[in-house]
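These notes concern the structure reproduced below.
The values are calculated or read from the model by the stated rules, or taken from the named source; none is laboratory data. Since we're looking at a predicted model, the values are computed, not measured. We place every Cβ from the backbone using ideal geometry, glycine too, and count neighbours over all the protein chains shown.
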Amino acid sequence: MTRTATTGIFRGFFSLLGLSRPADGQADSSHGGDDINSSAHWKKFSKTWQEAEDIAAGRLGDFPFNRKGKARMLDAIAMCATHIDALESDTTINAAEAAMLRKDTDRLARAVEEKRTIEQADEPKTRTTIKVPAMASMIMLRERLDLLGQLAQANRLHSDVIEMILIPIERDMKTLNNSTMLSQLAVSLRGEATELRQQGREHIEQIKLRMSA
């Protein structure tokens, strides 16, 4: 996917959240643009992230690559740690943004690892543990809630980074807002799931206010 297409997806997603973002190449004191968009590390990271997200979301089908392609994709995801470290060390992004990107990179690595290759298309699918989407979303949001709060209080945020971070979080919150999905959780967990969703929404609203200022 080209950078233009990726930017278009991000802009559409951001507008759905009600955030106004600066035009490409523009920045102000509260949310950065120029510094990150000119970074080679960011360009490499965002390209890999988008490719991995497309694979994880099933946009490239059930068998998105051959064995060599899968190995290359996993190697590229592993390199993302280097890009994030570099972006954080030169203060292009803040600590909370970096921590969130690391968590999302781990998520994508697991998702890509689970995808089968073209060579495995005719092989019987191995039995896997039944997944409960609401439980997975609850765990993901629980792990990110404190970092969301830190982002809401950060002095400077980057539009592209925030867009990227919020895509899976919004997806998890949508799952936790689905009564059918929630019914799959143990009754004792449903209250926590609702509270996590509400707290996450509050943090996101704060971030929206910061980004639209």
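Annotations
- Scanning segment 66-106 for residues that are buried (at least 18 other Cβ atoms within 10 Å of the Cβ), over 24 Å from residue 155 (Cβ atoms) and of a type in the set (D, E, K, R) turns up just one, 70.
Table: residues versus (1) at pLDDT below 95; (2) small (Gly, Ala, Ser); (3) over 20 Å from the mean Cα position of the chain (by Cα).
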position	(1), (2), (3)
122	yes, no, yes
135	no, no, no
144	no, no, no
152	no, yes, no
174	no, no, no
179	no, yes, yes
188	no, yes, yes
192	no, no, yes
210	yes, no, no
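- Members of segment 135-187 found to be of a type in the set (A, V, I, L, M) and not in a helix (DSSP H, G or I), listed by number: 154, 157, 185, 186
- In segment 48-96, residue farthest from residue 119 (Cα to Cα) [restricted to those that are of a type in the set (Ser, Thr, Tyr) and more than 16 Å from the chain's Cα centre (by Cα)]: 91
- Restricting segment 47-61 to residues that are more than 18 Å from residue 163 (Cα to Cα) and hydrophobic (A, V, I, L, M, F, W, C), the residue that is surrounded by the fewest Cβ atoms within 10 Å (Cβ to Cβ): 60
- Of the numbered criteria (1) farther than 18 Å from residue 107 by Cβ; (2) of a type outside the set (Lys, Arg); (3) free of Cβ contacts under 8 Å to residues at least 24 places away in the same chain, the one residue 157 fails is (3).
- If you check 111, 96, 86, 71 for being among the hydrophobic types (A, V, I, L, M, F, W, C), without any contact (Cβ under 8 Å) to a residue 40 or more places away in the chain, within 30 Å of residue 40 (Cβ to Cβ) and assigned to a helix (DSSP H, G or I), only one passes: 71.
- When 106, 122 are checked against the criterion of being without any contact (Cβ under 8 Å) to a residue 24 or more places away in the chain and assigned to a loop (DSSP other than H, G, I, E, B), a single residue qualifies: 122.
- Annotation note: of 112, 132, the sole residue that is over 26 Å from residue 152 (Cβ atoms) and buried (at least 19 other Cβ atoms within 10 Å of the Cβ) is 112.
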